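Every number here is computed from the coordinates shown, using simple stated rules; none is lab data. Note that the structure is a prediction, hence the values are computed from the model and not measured. Positions of Cβ are generated from backbone atoms using ideal geometry, with glycine treated the same way; all protein chains shown enter the neighbour counts.
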C-alpha cells in the first residue's frame, strides 16, 4: 500500500472556511427573511374575512414584539410590509423573528371562534409552511 503526501496550506484553508461560513450565514439569513414573508402571505390567504382588519394585521418584527395595529390593506401591501420588516434580520445578532397579529380578537380566532377557520390560523398555516420549507427541493 502506498501513502500519498497531502500538502495543506492552512492559510488558504482558513480563507476558504471563512468564505464558506459567510456564504452559509447569508443563505440562512435570506431563507429566514423569505420564509417570514411567505408565511405572512399564507396567513393572509388563510385568514377569515369580515372587515379585513385581522387579515391585514399579520406583522413581522425582529427581536421584540410590536404592539400596534395596521390599517386595512391589500395582500401585496401586507406581504411587502412583512418583507421590509424581515429585511433587517441578521442571525449574528438576532435570535427571534416574531410573526404576530395584534387585533384584540386574534387569540379568539386562533382558538376556533370563527366558522371560517374553526381549527385556527397560525397553527395550521405554520405547520403546513414549515413542512414545505424544510423539504423543498
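Tabulated values for the structure
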read-out	value
The stretch 12-134, relative contact order [Cα under 8 Å, separation at least 6], %	29
The stretch 1-41-the stretch 79-104 distance, computed between alpha-carbon centres (Å)	25
CD proxy at 222 nm, helix term only [per DSSP H run n ≥ 4: -39500 (n - 2.57); per residue of the chain; nearest 500]	-17000 deg cm²/dmol
Cα-based helix-to-principal-axis angle, 10-46 vs the chain, degrees rounded to 10	10
The stretch 64-137 - Kirkwood radius from inverse mean 1/r over Cα pairs (Å)	14.6
Separation of the residue 126 and residue 93 label points, Cα + 7 Å toward Cβ, nm	2.6
When the stretch 1-60 is reduced to its Cα atoms, the Kirkwood hydrodynamic radius in Å	15.7
Rg/Rh (Cα only; Kirkwood hydrodynamic radius) as it applies to the chain	1.21
Principal-axis tilt of helix 75-86 within the chain, Cα atoms, nearest 10 degrees	40
Which of 54, 105 has the fewest Cβ neighbours within 10 Å, and the rest in rising order	105, 54
